[in-house]
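The values are calculated or read from the model by the stated rules, or taken from the named source; none is laboratory data. If you're wondering where the values come from, they're calculated on a predicted model, not measured in any experiment. FYI the Cβ positions are ideal-geometry reconstructions off the backbone, even for glycines, and counts take in every protein chain you see.
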Amino acid sequence: MISRGKLAQGFILLIIVTLSAILVAAIWRKKVQPVHKETQHTVSSDQEMKLRDMKFTEMQEGKRYWTLHASEARYFQDEQKTLLQNVHLIFYLNKAGQQLQLTSNQGVLYPRTKNIDLKGNIRVKLPHDYVATMQTAHYIHSKKIVESGAPVHLSGPGLVLDGNTWKYDINDHVAEVEGKVIASLVLGELSLGK
């Protein structure tokens, strides 16, 4: 006759052998199945990086020279350029707080040269309440100028100018409108146009 203790030991031994067999079978199946490695996403040299609410300030001689804001910036390593959306560019002209402010729908920053191309509904706020509008503009860092080869409309206190090109020299604080310029001068009640 088998005692209860021997029966319990046999039952426990049966459970242990069954679990061991299941474990060995699982390990054997794992070795036979093809190995699936998880792919790691690495950033290739042409992969873009994307930033939201980007702000960059260019310093010269310890002072702010310009600040660039964009709602979105996508950097492309291979092309060495950053595509910008909803651009706001501020040039700090002097200690008196005068600024040249440009806004546009899109832009491209070239980090190596620090040149900036702007495109789409460009509005330039100049000192003394003058405003220029155009569709394209370019900041050339080495020359410290902002220029446009697109038609420009400039207006401000007592003056309206339309022309084919526009240039602003940041160091000299001089704006030029050229190419089939049409000017209107407004002096109080008197208006002169050409």
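Restricting to segment 100-140, count the residues that are of a type outside the set (Phe, Trp, Tyr) and touching a residue at least 40 places away in the same chain (Cβ under 8 Å).
Initial filter on segment 100-140 (of a type outside the set (Phe, Trp, Tyr)): 100-109, 111-129, 131-138, 140.
Now drop any that are not touching a residue at least 40 places away in the same chain (Cβ under 8 Å), which leaves 100, 102, 109, 114, 116, 124, 126-127, 132.
Within segment 100-140, residues that are of a type outside the set (Phe, Trp, Tyr) and touching a residue at least 40 places away in the same chain (Cβ under 8 Å) number 9.
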Test Lys119 against the criterion of being touching an Asp or Glu at 6+ places or on another chain (Cβ under 9 Å) and among the charged types (D, E, K, R), and give yes or no.
-> no
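I'd like the full set of residues that are part of a strand (DSSP E or B) and basic (Lys, Arg), limited to segment 97-149. Let's see the steps before the verdict.
First, the residues of segment 97-149 that are part of a strand (DSSP E or B): 99-110, 115-126, 130-140, 145-148.
Correct list: Lys119, Arg123, Lys125.
Kindly indicate whether Gly97 is surrounded by fewer than 17 Cβ atoms within 10 Å (Cβ to Cβ), in contact with a strand residue (DSSP E or B) (Cβ under 9 Å, 6 or more places away or on another chain) and free of Cβ contacts under 8 Å to residues at least 40 places away in the same chain. Can you show your working first?
Details: surrounded by fewer than 17 Cβ atoms within 10 Å (Cβ to Cβ): yes; in contact with a strand residue (DSSP E or B) (Cβ under 9 Å, 6 or more places away or on another chain): no; free of Cβ contacts under 8 Å to residues at least 40 places away in the same chain: yes.
No: the conditions fail for Gly97.
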Please enumerate the residues belonging to segment 150-184 that are outside any strand (DSSP E or B) and among the acidic types (Asp, Glu).
-> Asp172
Provide a single number: the residues in segment 165-185 that are under 29 Å from the mean Cα position of the chain (by Cα) and closer than 17 Å to Gln135 by Cβ.
-> 4
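Give segment 68-79 a look and list any residue that's modelled with pLDDT of 90 or more and surrounded by fewer than 17 Cβ atoms within 10 Å (Cβ to Cβ), or say none. It would help to see each step written out before you state the result.
Pass one, segment 68-79, residues modelled with pLDDT of 90 or more: 68-76.
Across segment 68-79, the qualifying residues are Ser71, Glu72, Arg74, Phe76.
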